[in-house]
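Note sheet for the following structure.
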Ligand code: PLP
């Protein structure tokens, strides 16, 4: 029998004592979620404005997804890929048809999907583009966030992600984000096999590139025979008001990388989608994962995607996003505490008028929590605001009122 926690303080002390200190959470201990709401162990209710970094776009514990999980868990959870199972092919067909690709590769975490995309791009570079052995280059951009593995942080420009974790993996060239001239120059190198970008840089603080950047990137990739590797792990699955953020510019990536909300927050499920000429460069035994493509994940992913479609979450994100940014911009007019509001759909951020080293954004988030809304700063003075996409307009206004109240009454 699991021993139960009786107070927030007790849970925090246990994590501090027995857990690795690789996160710095707000002092809130949660034990229940439903839709847009979370509850702490004392029974206080909050609006979730982080959505597990956009993994619970469908809302917490969506009954359809939980039901699919339970029903499949009673039948079969894992066989390994040494054998076929009766769910994986169905799920592969489902996601291929949904996103418009020939083939799907299931993994677990977002980082693993990115690792898979790197391997696919490199192998394609050697076997299809004719890049000399071990000389393939992947172009990445400053302030990217693609995960935490040693290869992925080799392409990071965030010192906290890299310091003391070297030596790093070679084969990356890092250029400015949202800079078409830099792209033109970098992609002309015949050793480049892939351009690896996020359509909006979520983790960096919701940086939205200029309109036309993604289209220019796709055109330049085509021109130079380079694969466009789009990390839609945070932006995908309806978060920005379209199924994919790439859809805003009519861009179809060569390697589409998905994670997080693929499961509605129920299981770690990630995915790379590509057409045959790319996906089939990887042969049996060259890549895999014990849990990737397990029947439980296959059942969950289909239920989670059904919810996104049936409940029109992309349309809701688009509509509520406009209301939200209008409200945030109105607060910005009234208070010098906000210098910028940016985002798309329901992936938004406010920039706080203080240095990234200051405690202001953290303290403001503590105040939000006290008033029933959970959000967390990213990179010091930026607060990402990303509720589950099932939020309705009345709830959104209630949340905007909380944010407004906290900002207007903020005292240092
Ligand atoms: N890529 C992007 C754009 C992300 O936002 C994240 C996580 O925040 C990842 C990759 C890594 O995903 P995971 O934490 O599941 O490895």
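Each reported figure results from applying straightforward, stated rules to the coordinates on display, with no laboratory input. What you are looking at is a predicted structure, and each value in this text was computed from that prediction instead of being measured. Positions of Cβ are generated from backbone atoms using ideal geometry, with glycine treated the same way; all protein chains shown enter the neighbour counts.
Figure the gain on full extension for residue 322 and residue 20 (residue separation times 0.36 nm, minus the Cα-Cα span) and round it to one decimal in nm.
On the way: separation 302, 0.36 × 302 = 108.72 nm, distance 3.95 nm.
Residue separation times 0.36 nm, minus the Cα-Cα distance, leaves 104.8 nm.
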key: Spin-label model distance (nm) - residue 127 vs residue 211, 7 Å beyond Cα toward Cβ   = 4.1 nm
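Any idea what the relative contact order of the stretch 286-412 is, in percent, if you count C-alpha pairs under 8 Å spaced at least 6 apart? Could the numbers behind the result be given before it?
Working: 148 pairs, mean separation 28.3, N = 127.
Relative contact order here is 22 percent.
Please report the relative contact order for the stretch 1-156, taking Cα pairs under 8 Å with a sequence separation of at least 6, and give it as a percent rounded to a whole number.
Working: 95 pairs, mean separation 17.6, N = 156.
It rounds to 11 percent for the stretch 1-156.
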message = How tilted is helix 360-370 with respect to the longest principal axis of the chain? Cα atoms for both, answer in degrees (0 to 90, nearest 10).
response = 60 degrees
ask   = Does anything in the stretch 365-385 have its amide N under 17 Å from the 7 Å Cα→Cβ label point of residue 340, and if so which residues?
value = 377-385
query = When the chain is fully extended, how far beyond the present Cα-Cα distance does residue 90 get from residue 149, taking 0.36 nm per residue of separation?
reply = 18.2 nm
message = Can you compute log10 of I(q)/I(0) for the stretch 26-101 with the Debye formula, treating each Cα as one identical point scatterer, at q = 0.15, 0.28 Å⁻¹?
response = -0.75, -1.24
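Highest first, please rank the peptides 299-311, 352-364, 215-227, 5-17 by the mean number of other Cβ atoms sitting within 10 Å of their residues.
Numbers: 299-311: 20.8, 352-364: 16.5, 215-227: 18.5, 5-17: 12.8.
So the peptides 299-311, 352-364, 215-227, 5-17, ranked by packing, come out 299-311, 215-227, 352-364, 5-17.
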query = Quick one: if you take sqrt(5λ) for each eigenvalue of the C-alpha gyration tensor of the stretch 147-265, what semi-axes come out, biggest first, whole angstrom?
reply = 22, 20, 13
task = Would you mind ranking 53, 410, 46 so that the residue whose beta carbon has the fewest other beta carbons within 10 Å leads the list?
result = 410, 53, 46
message = I'd like the distance separating the alpha-carbon centroids of the stretch 112-143 and the stretch 356-397, in whole Å.
response = 37 Å
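Mind pulling the per residue volume of the convex hull built on the Cα atoms of the stretch 297-412? Å³ is fine.
Details: hull volume 12.8 nm³, N = 116.
Given the Cα convex hull of the stretch 297-412, per-residue volume reads 111 Å³.
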message = With angles folded into 0 to 90 degrees, how steeply does helix 8-18 sit against the dominant principal axis of the chain? Use alpha carbons for both and round to 10.
response = 40 degrees
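What ratio of Cα Rg to 2.2 N^0.38 Å holds for the stretch 241-340? Numbers along the way, then the final one.
Numbers: Rg = 18.7 Å, N = 100, 2.2 N^0.38 = 12.7 Å.
Ratio of Rg to 2.2 N^0.38 Å for the stretch 241-340: 1.48.
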request  = Rank-order 96-107, 74-85 by packing density, defined as the average count of other C-beta atoms within 10 Å over each peptide's residues, highest first.
outcome  = 96-107, 74-85
message = How far apart, in nanometres, would the label points at residue 401 and residue 163 be if each is projected 7 angstrom from Cα along the Cα-to-Cβ direction?
response = 4.3 nm
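In percent, how large is the relative contact order of the chain, given Cα pairs closer than 8 Å and 6 or more residues apart? Don't skip to the answer; put the middle values down first.
Working: 815 pairs, mean separation 91.6, N = 412.
Taking the mean separation of contacting Cα pairs over the length of the chain, I get 22 percent.
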request  = Using every pair of alpha-carbon atoms in the stretch 11-149, split the distances into 10 Å bins beginning at 0 and state the percent of pairs per bin, rounded to integers.
outcome  = 8, 21, 32, 25, 11, 2, 0
inquiry  = Once each part is reduced to its C-alpha centroid, what is the distance from the stretch 56-91 to the stretch 248-303 in angstrom?
reply    = 14 Å
task = Please work out the ratio of the alpha-carbon Rg of the stretch 353-412 to 2.2 N^0.38 Å and round it to two decimals.
result = 1.13
ask   = Ranking 340, 258, 181, 389 by Cβ neighbours within 10 Å, fewest first, what do you get?
value = 181, 340, 258, 389
note = If one builds a Gaussian network model of the chain from Cα atoms under 10 Å apart, the most fluctuating residue listed among 248, 21, 379 is 21
key: Convex hull volume per residue for the stretch 63-310, taking Cα atoms only, in Å³   = 126 Å³
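Mind giving me the FRET efficiency for residue 189 and residue 357? R0 is 51 Å, r the Cβ-Cβ distance, nearest 0.05 is fine.
Working: r = 37 Å, r/R0 = 0.73.
FRET efficiency, residue 189 to residue 357: 0.85.
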ask   = Mind checking the angle between helix 63-75 and the chain's longest principal axis? C-alpha axes, 0 to 90 degrees, to the nearest 10.
value = 60 degrees
